[in-house]
Structure formats: structure tokens, C-alpha cells
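One structure is given below, encoded as C-alpha cells.
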Amino acid sequence: MLTNPRRAARRGQRGQALAELALVSTVLALIVAGAIEFGLLYGHKLELSNGARAGARWAAAHPTSWSAAASPASNTVEGQVLAAGGTSALSNDDTHLTIEYLDSSAARAGYTQASCVSPGNLVRVTLAQDYPLLTSILGGLFGAAVTLKATATMPVMA
């Protein structure tokens, strides 16, 4: 029985196209997964920045209203940070949430809490949180989690 040479050539091309699709689709899937991962990571960074800014704004107007409680009240610096969008899972401890008062004048003798919360000095709120990577390939490159940090600084008003 004679076979048509064109039909045999087309059958071989279908197999070739399937092999090319398999190779290209894996690369395309990695690119899409990386783009999604980056978008989620950037969104979380923006949430931390908003939380740090809200905390610094509150600390500038209310310089002595901070709390070490696990679930702080909303009228504290930590409460304002946790109430900002996306930061409610942040732990209220010194490794995740730091409030610093900076003396803007030259080094003074007898630096106390009363001298650092005076108007004109600066308050700096720093947030740090580990972001677990969703894609295992990026996790293999960068570790299981990436630490994101956000800082906001404002002058003390009252």
C-alpha cells in the first residue's frame, strides 16, 4: 500500500508543534507566575508603607500615645498602624513595628523622653514583615520569604 508523502509530513508537523507548545508554555507559565508574584509583593509593600505613614502621622500629633499590648487600642500609634489597610496581621513587637523619636538639635546632655517628644523633633515609624513567596521557583532563588520594610518620618507637632 502506498502512503501519501504529504500526509506523512503533516503528521510529523503536528508532533513538532505539540513539542514546541510544551516547551514554550512552561516558559510562559514561569513568566506569568513571576509577574503575579511581583504584583502581590508590591501590593503588600504599599500596604506597609500606608501603615507606616498612618502611624507616623498619628505619632506626630500624639507623641506619647503608644502601646505594647498585643491588640492595641485605636487611639495609639500601633493601633493606627494596624488599622491601616492590609497591616492587621502585623505583630505589635519591636521586630515588626518600631517607633523612634529623633532629636533634631545637636546632641544634648541629659537626653530624656520629655526632650525627644518635643515639637520640632522627628518621629520615625518602621514596619517590617516577612512575605512568603507563592511560587516555589522564586522561593528557591530568594529563600522561603522576603522581608519587606517601610519607614515614614514626620515632625512632632504637639
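The values are calculated or read from the model by the stated rules, or taken from the named source; none is laboratory data. Because the structure is predicted, anything quoted here is derived from the model rather than measured. No Cβ is skipped: glycine too gets one built from the backbone with ideal geometry, and neighbour counts run over all protein chains shown.
A few notes on this one:
- Pairs linking a residue in the stretch 128-151 that is acidic (Asp, Glu) to a residue that is in a strand (DSSP E or B) and modelled with pLDDT of 85 or more, with Cβ atoms under 7 Å and 6 or more positions apart or on different chains, are ASP130/THR147.
- Wholly enclosed strands (runs of 3 or more DSSP E) of the stretch 39-158 bearing at least 1 residues modelled with pLDDT under 85 and of a type in the set (Gly, Ala, Ser): 145-155
- Residue selected from the stretch 61-83 under the condition in contact (Cβ under 8 Å) with a residue 40 or more places away in the chain and buried (at least 21 other Cβ atoms within 10 Å of the Cβ), by the criterion farthest from the chain's Cα centre (by Cα): PRO63
- Summed over the stretch 44-53, the residues that are buried (at least 21 other Cβ atoms within 10 Å of the Cβ) and within 14 Å of ILE99 (Cα to Cα) give a count of 2.
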